[in-house]
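Taking it in order: structure first as structure tokens, then the write-up.
The values are calculated or read from the model by the stated rules, or taken from the named source; none is laboratory data. This structure is a prediction, so every number in the text was calculated from the model and none was measured. Virtual Cβ from ideal backbone geometry, glycine too; neighbours counted across all protein chains shown. With ligands, DNA and RNA removed, areas are computed over all heavy atoms of the protein, side chains included. Shrake-Rupley method; radii C 1.70, N 1.55, O 1.52, S 1.80 Å.
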Amino acid sequence: MAAARAARAVGRRSRQLFDIFVAEVPWTVSSKELKEYFSQFGSVQRCQLPFDRDTGFHRRFCWIKFSTPQDVQNVLQKDSHILEGSKLTLKQQTRRRRSQRRNPRE
């Protein structure tokens, strides 16, 4: 139980390092294709596309990390993002300082 809780905490911390959360990712899209798509807006450092262990399919969402804040703004300025016929939903990740966190171990 404690190990699972620690793993979730690490996952939350790592996701806070990403700039954009992307939902409604089509099943047929890979992390390589996502990187290629978002690289038109700037330099993509990392794309995390989690998979479901039971089904073997990705979970239809991902996190994208860009090199600069300007790259993030370039992505957010575009009205809609459509990949393989599906409209992606984007949300900018908020970054919190350690002093603003409720739990200092978070």
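A few remarks follow.
- From the list Gln16, Gln48, the lone residue that is within 12 Å of the chain's Cα centre (by Cα) and either acidic (Asp, Glu) or at pLDDT below 95 (or both) is Gln16.
- Members of segment 38-57 that are outside any loop (DSSP other than H, G, I, E, B), closer than 19 Å to Pro26 by Cα and free of Cβ contacts under 8 Å to residues at least 24 places away in the same chain: Cys47, Phe51
Yes/no matrix, rows are residues, columns are (1) in contact with a helix residue (DSSP H, G or I) (Cβ under 8 Å, 6 or more places away or on another chain); (2) within 19 Å of Phe18 (Cβ to Cβ); (3) open to solvent by 80 Å² or more (accessible area, probe 1.4 Å):
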{"site": "Leu49", "(1), (2), (3)": "yes, yes, no"}
{"site": "Phe57", "(1), (2), (3)": "no, no, yes"}
{"site": "Lys65", "(1), (2), (3)": "no, yes, no"}
{"site": "Val72", "(1), (2), (3)": "no, yes, no"}
{"site": "Asp79", "(1), (2), (3)": "no, no, yes"}
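- The set of residues from segment 23-37 being in a helix (DSSP H, G or I) and either open to solvent by less than 50 Å² (accessible area, probe 1.4 Å) or closer than 14 Å to Phe61 by Cβ (or both) comprises Ser31, Leu34, Tyr37.
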